[in-house]
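**Student:** Please read through the structure below; I'll follow up with questions.
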Amino acid sequence: PSIANLLLSVRRMFEGDNADPAQILKREAEFWAEGLARLETTKMAEPERFADVHFGAFVRDQMAAVEAIYDRFDLMLDGQVADAMRAWLDDNPRRPGRIQRHKAEDFGIASDWVADIYRDYRARYGYA
C-alpha cells in the first residue's frame, strides 16, 4: 500500500477528490504481483543470476547484505570500496522515528484480498 499512497497523493494533485484510492491500490497490487510472478519464473530458469536480500536483514546490517551479494556472485569487495560504503552509511544514518504503515483498508480494500494476491510469494519467502 505504500506505493499506492504515493501515487494517490500525486493523482490528487491533478484529479482532486476524483482520485480513487481503491482503484489505485487494486491496479498497483495486481501490477506488482504480476511482476513478482514473472521474476520468480525467470529466477527458476536462471537462479545463478539472482541474489535474494531480505529487507529486514538489510536494515539490520547493510554491509553484511552487501558482502553476501558480493559472495553470492564470487566478487571481491575491494577494501577501499567497502570503506567508502561504510563511510556513506555512517554519514547517512537511518532517520529515527516512526515508519508510516499503510493498510489496504485505508484504500477501501480488504487486506485479505491483497494477502491472497501475494500468498505464494509470501509463503516462499517466509512472510506467510
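**Student:** Mind listing whichever residues of the stretch 77-128 are of a type in the set (Ser, Thr, Tyr) and either at pLDDT 95 or above or under 20 Å from Lys26 (Cα atoms) (or both)? So that I can check it myself, show each step before the final result.
**Tutor:** The first filter runs over the stretch 77-128 and keeps only residues of a type in the set (Ser, Thr, Tyr), leaving 111, 118, 121, 125, 127.
Listed by number, the residues that qualify are Ser111, Tyr118, Tyr121.
**Student:** Could you list, in sequence order, the residues of the stretch 88-120 that are surrounded by 10 or more Cβ atoms within 10 Å (Cβ to Cβ), under 19 Å from Val59 (Cβ atoms) and basic (Lys, Arg)?
**Tutor:** Those that are surrounded by 10 or more Cβ atoms within 10 Å (Cβ to Cβ), under 19 Å from Val59 (Cβ atoms) and basic (Lys, Arg): none in the stretch 88-120.
**Student:** When you scan the stretch 2-37, how many residues do you find that are outside any helix (DSSP H, G or I) and open to solvent by 50 Å² or more (accessible area, probe 1.4 Å)?
**Tutor:** Total meeting the criteria: 1.
**Student:** Give me the pairs: first residue in the stretch 7-20 and under 20 Å from Phe31 (Cβ atoms), second residue open to solvent by 70 Å² or more (accessible area, probe 1.4 Å), beta-carbon distance under 8 Å, and six or more apart or on different chains, which are they?
**Tutor:** Ala19/Arg11; Ala19/Arg12
**Student:** Between a first residue in the stretch 106-128 that is within 20 Å of Ala37 (Cα to Cα) and a second residue that is loosely packed, with under 12 Cβ neighbours inside 10 Å, which pairs have beta carbons less than 6 Å apart while being 6 or more apart in sequence or on different chains?
**Tutor:** As it stands, the answer is Arg122/Ala128, since those pairs meet every condition given.
**Student:** Among residues belonging to the stretch 19-59 that are acidic (Asp, Glu) and within 16 Å of the chain's Cα centre (by Cα), point out the one that is nearest to Arg72 (Cα to Cα).
**Tutor:** Filtering the stretch 19-59 for residues acidic (Asp, Glu) gives 20, 28, 30, 34, 40, 46, 48, 52.
Keeping just the survivors that are within 16 Å of the chain's Cα centre (by Cα) gives 28, 30, 34, 40, 52.
Details: Glu28: 31, Glu30: 31, Glu34: 26, Glu40: 18, Asp52: 10 Å.
Top of the filtered list is Asp52.
**Student:** Now a separate question. Filter the stretch 65-82 down to the residues that are under 22 Å from Asp52 (Cα atoms) and more than 23 Å from the chain's Cα centre (by Cα), then identify the one that is least open to solvent (accessible area, probe 1.4 Å).
**Tutor:** Looking at the filtered set, the residue picked out is Ala82.
**Student:** Being more than 30 Å from Ser9 (Cβ to Cβ), surrounded by 11 or more Cβ atoms within 10 Å (Cβ to Cβ) and without any contact (Cβ under 8 Å) to a residue 60 or more places away in the chain narrows it down to one of Met44, Met85, so name that one.
**Tutor:** Matching residue, one of Met44, Met85: Met85.
**Student:** I'm told Val59 meets every condition in (1) at pLDDT below 95; (2) open to solvent by 80 Å² or more (accessible area, probe 1.4 Å); (3) more than 17 Å from Ser2 (Cα to Cα) except one. Can you identify the failing condition by its number?
**Tutor:** (2)
The values are calculated or read from the model by the stated rules, or taken from the named source; none is laboratory data. These figures come from a predicted structure and were not determined experimentally. A quick note on method: Cβ atoms are made from the backbone with ideal geometry, for glycine too, and the neighbour counts reach across all protein chains shown. Side chains included, ligands, DNA and RNA excluded: accessible areas come from the protein's heavy atoms. Shrake-Rupley method; radii C 1.70, N 1.55, O 1.52, S 1.80 Å.
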